[in-house]
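Shown next, in structure tokens, is the structure this report addresses.
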There are 2 protein chains.
Amino acid sequence: MADVLIPRLAIIGVGLIGGSLSLALKEAGAVGEVVGCGRGKPNLEKALELGVVDRYSRDPLDAVKDADVIFLATPVKTLATVTEELLPACKPGAIITDGGSVKGAVSAAIDPLMPDNVYFVPGHPIAGTEKSGAEAAFPTLYRGKRCILTPTENTNADALALVEKMWQIAGSEVVKMSLEKHDRVLAAISHLPHMVAYSLVNAVGSYDHYEENILEYSAGGFRDFTRIASSDPTMWRDIAETNRDGLLEMMEQFEKFFAELKTDIAEGSGEKLFEFFLRSKQLRDAIL
Amino acid sequence: MADVLIPRLAIIGVGLIGGSLSLALKEAGAVGEVVGCGRGKPNLEKALELGVVDRYSRDPLDAVKDADVIFLATPVKTLATVTEELLPACKPGAIITDGGSVKGAVSAAIDPLMPDNVYFVPGHPIAGTEKSGAEAAFPTLYRGKRCILTPTENTNADALALVEKMWQIAGSEVVKMSLEKHDRVLAAISHLPHMVAYSLVNAVGSYDHYEENILEYSAGGFRDFTRIASSDPTMWRDIAETNRDGLLEMMEQFEKFFAELKTDIAEGSGEKLFEFFLRSKQLRDAIL
């Protein structure tokens, strides 16, 4: 086991995110034993059966014992509580890292808990699918995707280097940025679009000037556009609560542009409307 | 030719919409001769080669001569001008109908032009794909889709019945409603989502607190969500100009819900956030 990057890896929350990391590292020969931990026994049994983990324990203190790296893949609001629970069993030199989609609030809650000889590296792989659970995990989920790490002045340099290496082996391009920038970037490209989609569906679904629900008239385009409004309400409540400032800033940025467009429409400014739509098309086409 | 519904059909604008109607009616044996008319000769040649039309003329007066039904599938702002141009060559009893995505402004412009013995039936098939041109046309485009007809007090009942029959033969479910309701429904399920997507891309693309374009971080979800922001700026300028009132009403409806959500986030009202997201998910899931 001397050559593997991570002799023992503990995955807390063996779903799409945690399970796929395990499979990618196993495929690359970069881990020794992978121990899974979670609340649902059927999911853990499934993970074992599919080879996503080598063994599992429902006791977090048992699962992290002797682990070199502990990957937290539980909901964002549970990360600090889970960390607090695990810490007594962590060996000296252990590295805890996470995949939470909000970083400022998570670091603020976890940093004060950390002892001197266990290290926390905040991270966020930008990858996912609609599916969840150990069964949804696959080894190439992270291939060609970005993984953002948000080290602070408290972050141990060796621990950071190991986590960076881990994600590179999983196939990701690792980008480092500040907690604040991460939360603004994610607010813009993920959290704001969800708020917009949720608002759009509520606005159209609540329009009651006619005796029928006008959502019934929606065709494929509307349904595709609002797909993300079917996302898990609990998860998005947690994100909206924990990335409050980043999200509010982006929502105001959106409102500014939406108001500008409304003015152009009210004034019938054909030229300004064309420019607004063209600028958007050019920005959109550039990221294709 | 005595048994066919439409002995001679003229299609003005032989693209996805006009061409697919022709193919559907041909497949059903419901048309005699189909004459195409448009500005681009290569597209008309292609339409002829693919059997989308039986012949074509680049002269609108020639194309509509002896036509029983004339289907207008040109951009929404051109419909009244095209009608004015065609009318002198229409035979008594001819029916003009259209596929424009805004109905109030179109009817207001065309109704005053109509002589007593030529009939106008405003319509809008709710179907489409990303593609355009005669090559994109296919006979099943309208199958299982809704087609909205918006007769007014000026609409001839026999002409309306024939156009209704035509769309049913093409596979559509025909729904009749007022011009105003059509424009509100379309504002809600199509025009508003486009305005939201255009504003979102401009808002995120213009955020300049960091030295790089944060759109670069967008992953598949953002790209899917903003696909419609790549739509044709000219077409959407025309829609925003011609459905001004319906669109402004829906934009205000959206703003109301977006502002409510912003307040819930600012106040950290977890319960209200959960309810907002859950209501949206339920509305969205109900139209799947």
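Give me the residue from region A:47-81 that is under 23 Å from the mean Cα position of the chain (by Cα) and over 30 Å from A:Asp3 (Cβ atoms) and, out of that set, surrounded by the most Cβ atoms within 10 Å (Cβ to Cβ). Applying the filter and picking the extreme gives A:Leu79.
Residues that are under 25 Å from B:Ala229 (Cβ atoms) and either surrounded by 20 or more Cβ atoms within 10 Å (Cβ to Cβ) or at the interface with another protein chain (Cβ under 7 Å from one of its Cβ atoms) (or both) within region A:207-220 comprise A:Tyr207, A:Ile214, A:Leu215, A:Tyr217, A:Ser218, A:Ala219, listed in sequence order. How about region A:135-166: which of its residues are under 14 Å from A:Pro122 (Cα atoms), of a type in the set (Ser, Thr, Tyr) and within 14 Å of another protein chain (Cβ to nearest Cβ)? Within region A:135-166, A:Thr150 is the sole residue that qualifies.
Within region B:232-243, if we keep just the residues that are without any contact (Cβ under 8 Å) to a residue 60 or more places away in the chain and at the interface with chain A (Cβ under 7 Å from one of its Cβ atoms), the residue that is nearest to A:Val175 (Cα to Cα) turns out to be B:Pro233. Out of the residues in region B:246-288 that are surrounded by 23 or more Cβ atoms within 10 Å (Cβ to Cβ) and more than 7 Å from chain A (Cβ to nearest Cβ), state the one that is farthest from B:Val106 (Cα to Cα). Filtering region B:246-288 for residues that are surrounded by 23 or more Cβ atoms within 10 Å (Cβ to Cβ) and more than 7 Å from chain A (Cβ to nearest Cβ), the one farthest from B:Val106 (Cα to Cα) comes out as B:Met250. Among the residues of region B:118-126, are any farther than 21 Å from B:Leu23 by Cα, in contact with a Gly (Cβ under 7 Å, 6 or more places away or on another chain) and modelled with pLDDT of 95 or more? Scanning region B:118-126 turns up no residue that is farther than 21 Å from B:Leu23 by Cα, in contact with a Gly (Cβ under 7 Å, 6 or more places away or on another chain) and modelled with pLDDT of 95 or more. With respect to B:Ala203, is the statement that it is at the interface with chain A (Cβ under 7 Å from one of its Cβ atoms), touching a residue at least 12 places away in the same chain (Cβ under 8 Å) and out of contact with any Pro (no Cβ under 6 Å at 6 or more places or on another chain) true? Considered against the rule, which asks whether it is at the interface with chain A (Cβ under 7 Å from one of its Cβ atoms), touching a residue at least 12 places away in the same chain (Cβ under 8 Å) and out of contact with any Pro (no Cβ under 6 Å at 6 or more places or on another chain), B:Ala203 comes out as no. Is it the case that some residue within region A:194-203 is more than 17 Å from B:Glu252 (Cα to Cα) and not assigned by TED's automatic domain parsing to the domain that holds A:Val76? Yes, because at least one residue in region A:194-203 is more than 17 Å from B:Glu252 (Cα to Cα) and not assigned by TED's automatic domain parsing to the domain that holds A:Val76. When region B:218-246 is filtered for residues that are of a type in the set (A, V, I, L, M, F, W, C), part of a helix (DSSP H, G or I) and more than 15 Å from the chain's Cα centre (by Cα), the ones remaining, listed by number, are B:Phe222, B:Phe225, B:Ala229. Within region A:123-149, the set of residues being of a type in the set (Lys, Arg) and not in a loop (DSSP other than H, G, I, E, B) comprises A:Arg146 only.
Of the residues screened, B:Arg223 is one that is over 23 Å from A:Asp238 (Cα atoms), at the interface with another protein chain (Cβ under 7 Å from one of its Cβ atoms) and free of Cβ contacts under 8 Å to residues at least 24 places away in the same chain.
The values are calculated or read from the model by the stated rules, or taken from the named source; none is laboratory data. Note that the structure is a prediction, hence the values are computed from the model and not measured. Glycine also receives a Cβ, built like all others from the backbone with ideal geometry; neighbour counts cover every protein chain displayed.
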